[in-house]
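Computed from the coordinates by the stated procedures, all read-outs in this text should not be read as laboratory data. Computed from a predicted model, the values in this text were never measured in an experiment. Cβ coordinates were reconstructed from backbone atoms using ideal geometry, including for glycine residues, and neighbour counts include every protein chain displayed.
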Amino acid sequence: MTFPIPTTSNDDAIPVGRTEFLRGVKKSIPMMIGFVPFGLVLGAQASAKGFSPLEVSLLTGINFAGGSEFAAIGLWTSPPHLLLLAGVTLLINSRHILMGATLAPFLRRFPRSKALIALALMCDETWALTLSDAREREKHGLFPSLTLPFYFGVAICLWLTWIVSTAFGGLIGPALGDITRYGFDMAFPAVFLVLLRGMWTGMRAARPWLVSGVVAAAVYLLVPGAWYVPAGAVSGVLAAWFWSAETHT
Amino acid sequence: MSVHLTTFLAILLMGVATYSTRLIGYALLGNRELSPRAKRVMDAAPGCVLISVIAPHFVSGGPADLVALIVTAVAATRLSLLPTILIGVASAGLLRLL
């Protein structure tokens, strides 16, 4: 298998590409462990709705956005309601719009075709890992801050883990029960909290986060469905826009 | 193993919906240079998305979940990724047994 190499450094691109890819693989390992229990549960739920393991892996491989897949399985009827499923998927994944925008400055150095492939594999965790890594490298003056091999190292590992674990969940299906009960569901907040710590630059800069958290929690409690994600994200960004007018001190 | 046509169609539509959300932000910002103010906003945006996604965890569980979440948050301020995950999973699993 060959992987895209950064177009900016042609001379020693291949060794850099390989080490960067391996660095991405390594970086994704804790997250892969976090994926497995969720993948098993999603696969089991899908099989209860009549999905064959192949259909499960098509769903998780083509869509590759866990939250929307859990929602879709929950809403699944026979025959499926196509527009409802597409609409709910669009709503739940609307946060990707903001995520893609934050990656754009890093992706802009690459050929468009490669950026489009990279975006096809962008899930919450790939985005969060690569963005925090890119910002960390930027802070330390490392160039380029984001390489495609690193990105694909993270993205492909997580993508394959998701496909395989959901298909396996579909296979063993009902024998499984809800293993997230035993605390595995805490893996995701744990990951996200560590990433937030990495993005922390002080109380002042974190005020929009507080707005997001409070709004998202309130909307989650008051409004059914997945509206809390876009509501929280947008209100935080609006707050950041409002506060960014202050003179920088 | 079989793949039903309507199932495949639904999956394809979901995939199109998801891929479009992945493209829009990149396409809108594309090659534009950001103003300093917009850059400051974009610096805050990732944290806003992350915290919005996990916000329900803070308000949906019982006291055991909340304590486990606080333990995890404290761990996150001083430890790296893997130990934090282990502490989070272990504390949630143990506290729910109590």
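Structure above, values below:
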| read-out | value |
| --- | --- |
| Extension reserve of the A:Leu222-A:Ile117 stretch, reckoned as 0.36 nm per residue once the Cα distance is removed | 34.1 nm |
| Cβ-defined net charge surrounding B:Pro56, 13 Å radius [Lys, Arg +1; Asp, Glu -1] | -2 |
| Gyration tensor (alpha-carbon) shape descriptor, the protein assembly as shown, a/c threshold 1.5 | rounded |
| Debye log10 I(q)/I(0) at q = 0.13, 0.14, 0.19, 0.21 Å⁻¹ for region A:13-185, Cα point scatterers | -0.68, -0.78, -1.21, -1.37 |
| Whole-percent pair-distance distribution, where bins are 10 Å wide, for the alpha carbons of region A:64-144 | 16, 40, 27, 13, 5, 0 |
| From phi via Karplus (6.51, -1.76, 1.60), per-residue ³J(HN,Hα) for region A:228-239 in Hz, x at Gly/Pro | 4, 5, x, 4, x, 5, 5, 5, x, 5, 4, 4 |
| Chain B - convex hull of alpha carbons, volume per residue in Å³ | 212 Å³ |
| Residues A:Arg181 and A:Thr201, FRET efficiency given R0 of 41 Å [Cβ-Cβ distance, rounded to 0.05] | 0.65 |
| Sequence-separation-based contact order of chain B, relative, with Cα cut under 8 Å and 6+ spacing, percent | 19 percent |
| Average beta carbon contacts from partner chains per residue of A:40-52, 10 Å cutoff | 1 |
| Region A:53-94 versus region A:217-249: alpha-carbon centroid distance in Å | 26 Å |
| Segment B:Arg32-B:Val74, extension gain: residue separation times 0.36 nm, minus the distance between their alpha carbons | 11.2 nm |
| 23 Å Cα-Cα reach of A:Lys27 towards lysines, excluding residues that sit fewer than 8 places from it in its own chain | A:Lys114, A:Lys139 |
| Local electrostatic count, A:Pro189, Cβ distance below 15 Å [Lys/Arg +1, Asp/Glu -1] | -2 |
| Value of [θ]222 nm, deg cm²/dmol, for the protein assembly as shown, DSSP H segments ≥ 4, -39500 (n - 2.57) each, nearest 500 | -25500 deg cm²/dmol |
| Backbone N under 20 Å from the B:Leu94 label point (7 Å along Cα→Cβ), restricted to region B:60-77 | B:62-77 |
| Nearest 10 degrees, 0 to 90: helix B:36-60 Cα axis against chain B principal axis | 50 degrees |
